[in-house]
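To start, the structure itself, in structure tokens.
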Amino acid sequence: MMRALTNARIFDGFTWHDDSALLIEDGKVAGIVGVSELPSKAERTDSHSAIIVPGFIDLQVNGGGGVMLNDDQSVDGIRQICAAHAKFGTTSLLPTLITDTPEITAAAIQAGLEAKKAAIPGFLGLHLEGPHLSIARKGTHHPDLIRPMEHIDLERLLAIGHSFDVLMITVAPENTTTEQVRALANSGFIVSLGHTNASYETAQAYADAGARTVTHLFNAMSPLENRTPGLVGAALDMGGIFAGIIADGFHVHPASMGAALRAKRGPGRIFLVTDAMSTIGTDLDGLTLNGRKIYRKDGRLTLADGTLAGADIDMLSSLLFIHQTLGLDFEEAVRMASLYPAQAAGIDHKKGQLKSGHDADFVILDGEYKLKSTWIGGEPIFTA
Ligand SMILES: [Zn+2]
């Protein structure tokens, strides 16, 4: 069956198609056409002049809908996280495990494998953030659980290397060798540098070994200074590197964010991540992580000592923050939530834009950018 969403303004990731129809067939985009070219077999639905944009891709999501992956390593937990974020336009995400014990890590991987088998809508793969990070840049990660990558850790990781569409791991050079990074990158991992004091030169060496992204640019890493560019400088200066950024206005000052966006050397881009916790889509006043209480107040999540502990923001709000507060074009803000994370994750041949043959993952917004519905694989997963 072919479906046509008519009377829409469609942004395909590059250009606008006014007064057009989005054609969907077998879960894929079958084209964008004008009214006169509508195939007669297509079942038509009037979009009432809505805006259609590519679905959002979030490569760092710790939880949502009251569930934290660190608390609940089950298919149902992953289903709830994906459903919570679909309400805010996310059509693909990586449930992200914050540094935890080897047992919890193994359970999260098992749950991910089952979620893939169950074809949970929105589940793209996993992101393991830690435990091989730097204590000095631990952020909200529990210092007792941070440790070097041992041979057995690498063996366990390599065994699942090609089991997911996307499998990401955040590591710090302080606790991971370039040989380990090379082995992971060669086994299908997207290796991301983060929670590290790595110098510019060290970052270059790890990028040469296969690291491809940087985790939440600016946060929990060596800063850009005059004689020491640090990981921030490396991320901006190295064209091959992509970097996630948290756009809630608390993790990174808007001026620093704007400067970084203008400075980034391509083709690698800066993309949006939410780093969201279980609070998204709920009215919870906090949560617990590795036995420690995290407080939710005024759009922030913090440990008792004030350390930021993940973000309390969804993907649509992040995109609108970039557009409305930073003044970036709406189109570029959309790309930061769709095309660029797809490129960073190496899935831009099937996601991140609305092009014939790509997955029919998209978001329908009204003229004020309020979400009307979220579609995954050509099916409406959430309707406001
Ligand atoms: Zn982090």
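Looking at region 147-155, is at least one residue closer than 24 Å to Ile376 by Cα and surrounded by fewer than 16 Cβ atoms within 10 Å (Cβ to Cβ)? Scanning region 147-155 turns up no residue that is closer than 24 Å to Ile376 by Cα and surrounded by fewer than 16 Cβ atoms within 10 Å (Cβ to Cβ).
Here is a yes/no grid of residues against (1) among the acidic types (Asp, Glu); (2) not in a strand (DSSP E or B):
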site: Asp19; (1), (2): yes, no
site: Ile32; (1), (2): no, no
site: Arg44; (1), (2): no, no
site: Asp58; (1), (2): yes, no
site: Asp72; (1), (2): yes, yes
site: Gln80; (1), (2): no, yes
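If you go through region 296-316 and pick out every residue that is more than 16 Å from the ligand (Cβ to nearest atom) and either at pLDDT 95 or above or among the basic types (Lys, Arg) (or both), you end up with 5.
The condition of being aliphatic (A, V, I, L, M), crowded, with 24+ Cβ neighbours inside 10 Å, modelled with pLDDT of 95 or more and within 23 Å of Val252 (Cβ to Cβ) does not hold for Ala207.
The residue pairs whose first member lies in region 163-174 and is under 17 Å from Gly130 (Cα atoms), whose second member is assigned to a helix (DSSP H, G or I) and within 12 Å of the ligand (Cβ to nearest atom), and whose beta carbons are closer than 9 Å, counting only pairs six or more residues apart or on different chains, are Ala172/Arg137; Glu174/Arg137.
The set of residues from region 245-255 being within 13 Å of Ile322 (Cβ to Cβ) and outside any loop (DSSP other than H, G, I, E, B) comprises Ile245, Ile246, Pro254.
Each row is one residue, and each column tells you yes or no for (1) in contact (Cβ under 8 Å) with a residue 24 or more places away in the chain; (2) more than 15 Å from the ligand (Cβ to nearest atom).
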position	(1), (2)
Ser187	yes, yes
Ser199	yes, yes
Arg227	no, yes
Ala235	yes, no
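So which residues in region 212-225 are within 16 Å of the ligand (Cβ to nearest atom) and touching a residue at least 24 places away in the same chain (Cβ under 8 Å)? Thr213, Val214, Thr215, His216, Leu217, Phe218, Asn219, Ala220, Met221, Ser222 - these are the residues of region 212-225 that are within 16 Å of the ligand (Cβ to nearest atom) and touching a residue at least 24 places away in the same chain (Cβ under 8 Å). Hey, any hits in region 269-283 for a residue that's outside any loop (DSSP other than H, G, I, E, B), within 16 Å of the ligand (Cβ to nearest atom) and in contact with a Pro (Cβ under 6 Å, 6 or more places away or on another chain)? Yes, region 269-283 has at least one match. Of note, Ile246 satisfies the criterion of being at pLDDT 95 or above, touching an Asp or Glu at 6+ places or on another chain (Cβ under 7 Å) and under 19 Å from His141 (Cβ atoms). Which residues, taken from region 120-143, are away from the ligand (no atom under 14 Å from the Cβ) and polar (S, T, N, Q)? None; the set is empty.
The values are calculated or read from the model by the stated rules, or taken from the named source; none is laboratory data. Computed from a prediction, not measured in an experiment: that's the story for all the values here. Positions of Cβ are backbone-derived with ideal geometry, glycine not excepted, and every protein chain shown enters the neighbour counts.
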